[in-house]
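Enquirer: Have a look at the structure that comes next, please.
A short reminder: the numbers here are calculations on the coordinates, not readings from a lab. This one's a predicted model, so the numbers in the text were calculated from it and none came from an experiment. Here Cβ is always computed from backbone atoms with ideal geometry, including for glycine, and neighbour counts include all displayed protein chains.
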Amino acid sequence: MPSILIVDDEPGLLASLVMAFETQGYRSAGAASAAEALDVLRQTPCDVVLTDLVMPGMDGLSLMDCVRADFPDTVILLMTGGATVESAVRALKGGASDYIVKPFRLAEIFHAVERCLEQRELRRENLQLNEINRRLQEVDRLKSNLLSAVSHEFRTPLTIMNGWLDLLLRGQFGSISPQQRESLSAVQKSAVRLGRLIANLLAFVEYERGAAEGASGAVAVDTLLRKAAEELRPDCAERKVTLGLDVALDLPMVEGDGDHLRLVFLNLMENAVKFNEPGGTVFVTARENGGRVEIQVSNSHGTMPPEQIENLLQPFTQGDMGPRRRAGGLGLGLAVARAVLDAHGGELRLDAGQGQGATVRVWLPPVPATHGTADRTNEK
């Protein structure tokens, strides 16, 4: 039940308003002066103060200043029979929620009070939403900092692990048995996959912050595609999936960061392998189409439900995020790919398969003709 305190030095009006608001379901009280009103409020704060403007002693504007200082959440409405533009402006600037001129109908004053209470509730909700948004932004900042710190800290020990594993598998410290080789190879495969996860995390944080500052130059797409395919060769063997490339010989170069673009192609091809079936195929084509370089990555099995396509482009999301999903990963591959492509002026589109595989299409602008002879130093 909302509460209202009515302040007016006219006894008849005061009594009638107190009774009228009680009939409307308010807990209503009255005060004949500003000083009496402050005494009442100190004992029992209320939701609304409806006060006359012109009163002996402390007037309505002075009362409003005191109420705003001691009871900032209280709604204040001023009423008077002699309104002026100056007093109305001061009342509203001073924090009054509304201003009503005598004589008025009861319906008008009821409506004004209800509207002011609704506005107060909206302000409260807005403050709550702002606080929630502030906390979410803080959590998001902490998450980004954590991901960045963890990813950077993981890189060094992972690099050391890969170096020693490579030396062991090459026999630099003596011969190893077939069983030892198999075990070390399994560890190396896991280290490579962990490296991809770290690369995606770092790229995600950089692009989310708008802080990606990779090298820029002419990049040969065919080289990046072949490097990505070679890196995925162990994954294809493990999953019994055949990966094929069909790259046009006269494919134009594109401009951008070679490392990040390679990560795009690696993510798309890895997904096509990962969400395929044993005996399936992944086919990658690269052509010039409509003045842009078009890359298609298709697999022979699996499907993407059309209603889930947009959701799949969100970070940390896969079609199946259950604990027993058949394909691992962080669900960052497509989100990172889209972020990198957006930064390179490119485009990405997912085409849902009808039980016969799915296709991801990528378009990138070629290097302008004046730079057609640029070297390939940014392929990495």
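Enquirer: Less than 14 Å Cβ to Cβ from Leu77, Lys/Arg counted +1 and Asp/Glu -1: what total charge do the surrounding residues give?
Expert: Working: positive: Arg68, Lys102, Arg115, Arg120; negative: Asp8, Asp47, Asp52, Asp98, Glu108, Glu114, Glu118.
Summing Lys and Arg as +1 and Asp and Glu as -1 gives -3.
Enquirer: Can I ask one more? I need the Kirkwood Rh of the chain: take the reciprocal of the average 1/r across all distinct C-alpha pairs and report it in angstrom.
Expert: Details: mean 1/r = 0.0374 Å⁻¹.
By the Kirkwood definition, the hydrodynamic radius is 26.7 Å.
Enquirer: Straight-line reach only, C-alpha to C-alpha below 27 angstrom: list the lysines that Lys102 could link to, leaving out same-chain residues fewer than 8 apart.
Expert: Leaving aside lysines fewer than 8 places away in the same chain, those within reach of Lys102 are Lys93.
Enquirer: Report the extension gain between Gln137 and Glu153 in nm, rounded to one decimal, defined as 0.36 nm multiplied by the number of residues separating them, less their alpha carbon distance. Please list the in-between numbers first.
Expert: Numbers: separation 16, 0.36 × 16 = 5.76 nm, distance 2.39 nm.
In short, 3.4 nm is gained.
Enquirer: Moving to a separate point now. How would Val67, Val360 line up from fewest to most surrounding beta-carbon atoms within 10 angstrom? Can you show the working numbers first?
Expert: On the way: Val67 25, Val360 22.
The order, fewest Cβ neighbours first, is Val360, Val67.
Enquirer: If the cut-off is a Cα-Cα distance under 24 Å, which lysines reach Lys227, setting aside same-chain residues fewer than 8 apart in sequence?
Expert: Lys189, Lys240, Lys274, Lys380
Enquirer: Let me have the relative contact order for the stretch 3-104, percent, based on Cα pairs under 8 Å that are six or more residues apart.
Expert: Details: 167 pairs, mean separation 24.1, N = 102.
Once divided by the residue count of the stretch 3-104, the mean separation gives 24 percent.
Enquirer: Also: Where in the chain is the longest stretch that carries no chymotrypsin sites (Phe, Trp or Tyr not before Pro) classed as loop by DSSP and with at most 11 other Cβ atoms within 10 Å?
Expert: Numbers: sites that count: Phe173, Phe316.
Result for the longest clean stretch: 1-172.
Enquirer: Continuing with the same structure: Taking the DSSP beta bridges in the chain as the whole, what percent of them are antiparallel, to the nearest 5?
Expert: Numbers: 23 of 48 bridges.
Roughly 50 percent of the DSSP beta bridges within the chain come out antiparallel.
Enquirer: Here's a follow-up. Starting with the fewest neighbours, write out Lys143, Lys102 ranked by other beta-carbon atoms found within 10 Å of each beta-carbon.
Expert: Lys143, Lys102
Enquirer: Moving to a separate point now. Angle, helix 258-274 long axis vs. longest principal axis of the chain, Cα atoms, 0 to 90°, nearest 10?
Expert: Taking the Cα atoms of the chain, the angle to 258-274 is about 80 degrees.
Enquirer: Which value at 222 nm does the chain reach when only helices count, each DSSP H run of 4 or more adding -39,500 (n - 2.57), with the total divided by all residues and rounded to the nearest 500 deg cm²/dmol? Each step should come with its number before you reach the end.
Expert: Details: 11 runs with 190 residues, N = 380.
That comes out to -17000 deg cm²/dmol.
Enquirer: Additional query: Out of the trypsin sites (Lys or Arg not before Pro) in the stretch 1-106, which ones are loop residues according to DSSP with at most 12 other C-beta atoms within 10 Å? Display every interim value, and only then the final one.
Expert: Details: sites: Arg27, Arg42, Arg68, Arg90, Lys93, Arg105; in loops: Arg105.
Counting only loop positions with at most 12 other Cβ atoms within 10 Å, the trypsin sites (Lys or Arg not before Pro) in the stretch 1-106 are Arg105.
Enquirer: So if I take the centroid of the Cα atoms in the stretch 21-48 and the same for the stretch 183-252, what is the distance between those two points in Å?
Expert: Result: 71 Å between the Cα centres.
Enquirer: Report the GluC sites (Glu not before Pro) located in the stretch 205-266 that are in a DSSP loop and have at most 15 other Cβ atoms inside 10 Å of their Cβ, or state none. Intermediate results must be reported in sequence, preceding the final value.
Expert: On the way: sites: Glu206, Glu208, Glu213, Glu230, Glu231, Glu238, Glu255; in loops: Glu213.
Qualifying residues, ordered by number: Glu213.
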